[in-house]
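What follows is a set of notes on a single structure, which appears directly below.
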Amino acid sequence: MIERNCWTVLAQRAQDETTLIQTELAQNLTRLDSLNASKSRLQNLYEEYRKQENNLNSSLQGMREVMNQRQFMTQLLTLMQRVDVDIAIAERQLADTRRRLLESEQERLKMQSLADQNAQAILNLAEKRDQRRMDELGVMQFNLRDDR
């Protein structure tokens, strides 16, 4: 039996693919955390402006200031909606990446198992060959001893 390097090459490729997907997963998690932090900042900013609006309405302020503040609050709400959409997209990408990682890990394990089986078969064959040679040497020595 000849050692087949294809199994080790395929196992290494599967390992490389798994590592690549793990890196992508980490990037997706970082992006999702960043989006959640942005959403939180926008919500806090919106709440601050809402409180200011309530406080300023009780005092006398110009109509222009009230309109500017409301327009800014509307823009904050629009940004929060965009961030919510981005979060949903990032969560779908994360789920897809996790699924691909699972499939890649299964493929890696399969290739590693085949590479290990091939290596074990080569080792078993070498051991049998060595044992045969030892048996032949033993028989030759026994025959030489009987001739004397």
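The values are calculated or read from the model by the stated rules, or taken from the named source; none is laboratory data. As the structure is a prediction and not an experimental result, all values here were calculated from the model. Note that each Cβ is placed from the backbone with ideal geometry, even for glycine, and that neighbours are counted across all protein chains shown.
Taking the listed residues S40, S34, S104, the one that is of a type outside the set (K, R) and closer than 30 Å to Q12 by Cβ is S104, with no other qualifying.
Might you check whether a residue that is part of a helix (DSSP H, G or I) and within 30 Å of W7 (Cβ to Cβ) occurs anywhere in segment 86-96?
yes
Go through the residues of segment 115-123 one by one and say whether even a single one is in a helix (DSSP H, G or I), of a type outside the set (V, I, T) and over 23 Å from Q15 (Cβ atoms). No, there is no match, as no residue in segment 115-123 is in a helix (DSSP H, G or I), of a type outside the set (V, I, T) and over 23 Å from Q15 (Cβ atoms).
Cβ-Cβ contacts under 7 Å between residues 6 or more apart (or on different chains), taken from a first residue in segment 22-38 that is of a type in the set (K, R) and part of a helix (DSSP H, G or I) to a second residue that is surrounded by 13 or more Cβ atoms within 10 Å (Cβ to Cβ) and modelled with pLDDT of 95 or more, are listed as R31/A90.
Looking only at residues of segment 100-118 that are more than 18 Å from the chain's Cα centre (by Cα) and among the aliphatic types (A, V, I, L, M), we find that the one that is nearest to A26 (Cα to Cα) is M111.
Q81 fails exactly one of the following numbered conditions: (1) without any contact (Cβ under 8 Å) to a residue 60 or more places away in the chain; (2) within 30 Å of A11 (Cα to Cα). What is the number of that condition? The number of the failed condition is (2).
Okay, residues lined up against (1) modelled with pLDDT of 95 or more; (2) loosely packed, with under 11 Cβ neighbours inside 10 Å:
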residue	(1), (2)
E47	no, no
N54	no, yes
E65	no, no
M73	no, no
M80	yes, no
A90	yes, no
L94	yes, no
R100	yes, no
Q106	yes, no
